[in-house]
Amino acid sequence: MFVSGFTFIRNAIKLDYPIVEAISSILPLCDEVVVAVGHSDDETKALIKGIGNEKIKLIDTVWDDTLRKNGIVLAHETNKALSNINPKAAWCIYVQGDECYHEKDYEHIKSAMYEWKDNTEVEGLLFKYNHFYGSYDYLADSRSWYRQEIRIIKNNLAISSWKDAQGFRKDKSKLKVKTLNASIYHYGWVRPPDFMMAKNVEASKYWHSDAYIDKKFDSEKDFDYSSIDSIQPFDGTHPEVMINRIKHMNWKFNRDPKLKNFKFKKRILHWIEKTFNWRVGENKNYKIV
């Protein structure tokens, strides 16, 4: 069973993306990993080459910076990587530049791919999400953060990245998926505060105008992590590939998880979710089969 990995990245050093860790976390699951490297203002391409693994296949891309609505350029770049995978791949494993897979889940993931590879009713595999916030010790846990998403898809030309690259669709229809007892570790909101501000300013360019960004952000200031509505302590382990980065964390984030910043309605909805494990009105970009 041939398995292809794919991802995209630009300005990984400038914006402190853990792209080396992200790619390294899927290499043991893949026979190749296609990396679409956008034209960057730093040495992103050299950084990825430095991983030194023959499975990695780099392709050069140029982002269309005129696409400043709904994050669609992120889906375009994802699809560039996806279109360059080996045609013989049975499965395609996606990872974004701030995500990692945990080695404790490898065998479960492999077993699921073997189990469902010939079942035409299964088009993808669904993962739980750990959204780290502020530090490696806390998870954002409000309804603002998606709880599950597709990260492994069948090799099918009709399947492509959807909207802002959060998930996938097949000819605009939701994919039929199986749920895995495995998680994606999302580190997009764990950076030194100055890098976090720079990343937010840059990312906002794929949704908003310069005027909006100038009004919303003061790029001369560090990002204020205290604005989060709800967090909870993380009591698990991190992927091995992240350990060195975690050791070098050089800022402090201290917030009492008991503090919540909700209006009344969201406070009730949060209580329902935590009490009954049910997110009222949850948006699901997939169909579980």
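Quick notes on this structure:
- Pick from the stretch 143-159, criterion within 18 Å of the chain's Cα centre (by Cα), touching a residue at least 60 places away in the same chain (Cβ under 8 Å) and surrounded by fewer than 19 Cβ atoms within 10 Å (Cβ to Cβ), ranking: farthest from residue 121 (Cα to Cα): 144
- Among the conditions (1) within 15 Å of residue 33 (Cβ to Cβ); (2) touching a His at 6+ places or on another chain (Cβ under 9 Å); (3) of a type in the set (Lys, Arg), residue 80 misses just one, which is (2).
- Counting only strands (runs of 3 or more DSSP E) that fall entirely inside the stretch 139-220 and contain at least 3 residues that are more than 16 Å from residue 95 (Cβ to Cβ), the qualifying elements are 159-162, 176-189.
- Residue that is in contact with an Asp or Glu (Cβ under 6 Å, 6 or more places away or on another chain) and farther than 20 Å from residue 202 by Cβ, where the choices are 49, 55, 14: 55
- Residue-level analysis places residue 103 outside the set of residues that are acidic (Asp, Glu), over 18 Å from residue 1 (Cβ atoms) and either surrounded by 15 or more Cβ atoms within 10 Å (Cβ to Cβ) or touching a His at 6+ places or on another chain (Cβ under 6 Å) (or both).
- Qualifying residues in the stretch 143-165 (those that are polar (S, T, N, Q) and modelled with pLDDT of 95 or more) - the one nearest to residue 77 (Cα to Cα): 161
The values are calculated or read from the model by the stated rules, or taken from the named source; none is laboratory data. All figures in this text were calculated on a predicted structure; none of them were measured in a lab. In this analysis, Cβ positions are derived from the backbone assuming ideal geometry, glycine residues included, and neighbour counts consider all displayed protein chains.
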